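Undergrad: Before I ask anything, let me first share the structure, which is written out below as structure tokens.
The values are calculated or read from the model by the stated rules, or taken from the named source; none is laboratory data. Treat the numbers as computed from the prediction; the structure is a model and nothing was measured. Counting neighbours? That spans all protein chains shown, and the Cβs are built from the backbone with ideal geometry, glycine included.
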Amino acid sequence: MTGSSGYDKQINYIEFNVDDISRTKHFYGAAFGWTFTDYGPDYCEFNDGNLKGGFARSEGVKAGGPLVILFADDLADTLARVKMAGGEIVKEIFDFPGGQRFHFRDPEGYELAVWSDK
């Protein structure tokens, strides 16, 4: 598969907004044996042995679930496709450690993100 990651357009990462990262790490580590990589005081990546995700500190966490993050080989093309399909871009493409991503809201109001390591 030249030029393809094998993960194009698949759910690749899940992010939870939490009030207290230390408490959350303790819970998931103790309950499920997850391991963690800290990226500063406001973000921690978890690994459940199969899938990676993150805990992002957020004031006033509201119910609504985790941020589902998809992977794309071509981020700009995927952003254009999301717009053409009727999605609303909530956060334009931005850099983060490991790549770039953008956030969008689907027509039902759910926010998702798409990232790429290119």
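Undergrad: Which of the following residues is among the aromatic types (Phe, Trp, Tyr) and exposed (fewer than 11 other Cβ atoms within 10 Å of the Cβ): PHE55, PHE71, PHE96? Quick ask: steps written out before the conclusion?
TA: Numbers: PHE55 fails: exposed (fewer than 11 other Cβ atoms within 10 Å of the Cβ); PHE71 fails: exposed (fewer than 11 other Cβ atoms within 10 Å of the Cβ).
Matching residue, one of PHE55, PHE71, PHE96: PHE96.
Undergrad: Within the range 13-29, identify whether any single residue is modelled with pLDDT under 90, within 15 Å of the chain's Cα centre (by Cα), of a type outside the set (Val, Ile, Thr) and part of a loop (DSSP other than H, G, I, E, B), and answer yes or no.
TA: No, the range 13-29 contains no residue that is modelled with pLDDT under 90, within 15 Å of the chain's Cα centre (by Cα), of a type outside the set (Val, Ile, Thr) and part of a loop (DSSP other than H, G, I, E, B).
Undergrad: Name the residue, out of VAL82, VAL114, that is surrounded by 13 or more Cβ atoms within 10 Å (Cβ to Cβ), touching a strand residue (DSSP E or B) at 6+ places or on another chain (Cβ under 6 Å) and within 15 Å of TYR7 (Cα to Cα). Steps first, please.
TA: Values: VAL82 fails: within 15 Å of TYR7 (Cα to Cα).
Result: VAL114 is the single residue among VAL82, VAL114 that is surrounded by 13 or more Cβ atoms within 10 Å (Cβ to Cβ), touching a strand residue (DSSP E or B) at 6+ places or on another chain (Cβ under 6 Å) and within 15 Å of TYR7 (Cα to Cα).
Undergrad: Something else: Being surrounded by fewer than 16 Cβ atoms within 10 Å (Cβ to Cβ), touching a Cys at 6+ places or on another chain (Cβ under 7 Å) and not basic (Lys, Arg): is that true of ASP42 here?
TA: No; evaluated as a whole, the condition is false for this residue.
Undergrad: Hey, among SER5, SER22, which residue is surrounded by 10 or more Cβ atoms within 10 Å (Cβ to Cβ), within 23 Å of PHE71 (Cβ to Cβ) and among the small types (Gly, Ala, Ser)?
TA: Working: SER22 fails: within 23 Å of PHE71 (Cβ to Cβ).
Going through SER5, SER22 in turn, the sole match is SER5.
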